[in-house]
Structures are given as structure tokens and as C-alpha cells.
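Colleague: First the structure, which I've put down as C-alpha cells, then a few questions once you've had a look.
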Amino acid sequence: QVQLVESGGGLVQPGGSLRLSCATSKKIFTFISMSWYRQAPGQQRELVASMTGGGTTIYASSVRGRFALSTDGAENTLYLDLNTLKPADTAIYYCKTRDSEMDYWGQGTQVTVSS
């Protein structure tokens, strides 16, 4: 069973930055895709950013230019850098990976953007 553990969330002021981490129990290169999702209170979970095994990365229009997805193969960790944060970015952020068999989700980490 693949395990994903997120960290790095917290309270930040508008305009601030955070780095979210997602440590995986499986080698990153074995995944077909690696993604970050978020879910705000009362809202559906939405895709924030996704990277395929070939290295192509896509971003939601609401975060493009402010967020950046990256990986560290040596550490088997997925990152999401959040910059120029807005109150609308407040949500629980989840990482998700997919291999040839199934999808795997982390437990989520809370990001709150407030002054």
C-alpha cells in the first residue's frame, strides 16, 4: 500500500508564501502522474496542479503563475510552492499519485490565508 504524507500547511498573510511537501513511500518515477488538489469549505475538491511521468505540468487558471509543482526523486517527495497567496486559496490541500493500479491520496494539510 502506497502512503502519502503531506506537511507544510499553516496560517499565512495575504501575499505570503508556503511550501507544501508530500512524502511518498514509493519511488516517484514509478508514478504515471502526481497532483495537488484542494478543497475549500462547502466546495468540491478541485485540481490545482498535475505532473505526468513525462514531466508535463498543468495548472488551474486560478493559480497559474503563482504556484509551482516540483519533485525530488532522491527524497521521493512532491512539492507545491504557493506564492502571492490570496484568501481564496484557503483550503485543505491534498496530494494524489497514480500508478498502473490505482490512485493514492494523502490526508491533507490545511492552508489558511488571512490577515
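The values are calculated or read from the model by the stated rules, or taken from the named source; none is laboratory data. Since this is a predicted model, take the numbers as computed values, not measurements. Counting neighbours? That spans all protein chains shown, and the Cβs are built from the backbone with ideal geometry, glycine included. With ligands, DNA and RNA removed, areas are computed over all heavy atoms of the protein, side chains included. Shrake-Rupley method; radii C 1.70, N 1.55, O 1.52, S 1.80 Å.
Colleague: Straight-line reach only, C-alpha to C-alpha below 28 angstrom: list the lysines that LYS86 could link to, leaving out same-chain residues fewer than 8 apart.
Modeller: Output for LYS86: LYS96.
Colleague: May I pose another question? Pick from SER33, SER70, SER62: which is most flexible by mean-square fluctuation in a GNM of the chain where alpha carbon atoms under 10 Å apart are linked?
Modeller: SER62
Colleague: Okay, next question. Please report Rg over Rh for the chain, where both radii come from the alpha carbon positions and Rh follows the Kirkwood definition.
Modeller: Values: Rg = 13.4 Å, Rh = 14.1 Å.
Here Rg/Rh amounts to 0.95.
Colleague: Report ³J(HN,Hα) in whole Hz for each residue of region 31-43, in order, from the Karplus equation J = 6.51 cos²θ - 1.76 cosθ + 1.60 where θ = phi - 60°; Gly and Pro get x.
Modeller: 8, 6, 8, 9, 9, 10, 10, 9, 9, 8, x, x, 10
Colleague: In square angstrom, what is the accessible area per residue of the chain with a 1.4 angstrom probe?
Modeller: Value returned for the chain: 52 Å² of accessible area per residue.
Colleague: Ok, one more. Towards the positive end of the charge dipole of the chain, with charges on Cβ (+1 Lys, Arg; -1 Asp, Glu), say which of CYS22, LEU11, TRP36 has the farthest Cα.
Modeller: LEU11
Colleague: Quick check on packing: order 75-81, 103-109, 8-14 by the mean number of other C-beta atoms within 10 Å, highest mean leading.
Modeller: With the highest mean Cβ count within 10 Å placed first, the list reads 75-81, 103-109, 8-14.
Colleague: Then there is this: Accessible surface of THR30 in the full protein assembly, 1.4 angstrom probe, to the nearest 10 Å²?
Modeller: 50
Colleague: Using unit Cβ charges (K, R positive; D, E negative) and no other charged atoms, how large, in debye to the nearest 20, is the dipole of the chain about its Cα centre? All intermediate terms of the calculation are to be shown ahead of the outcome.
Modeller: Values: 10 positive and 9 negative charges, 43 e Å.
My answer is approximately 200 debye.
Colleague: Given Cα pairs under 8 Å that are at least 6 residues apart, what percent is the relative contact order of the chain?
Modeller: For the chain, the relative contact order is 37 percent.
Colleague: If you don't mind, another one. I want to verify a result. In a Gaussian network model of the chain, Cα cutoff 10 Å, which of these has the top mean-square fluctuation: GLY65, GLY53, GLY42?
Modeller: Taking springs between Cα atoms under 10 Å, the residue moving most is GLY42.
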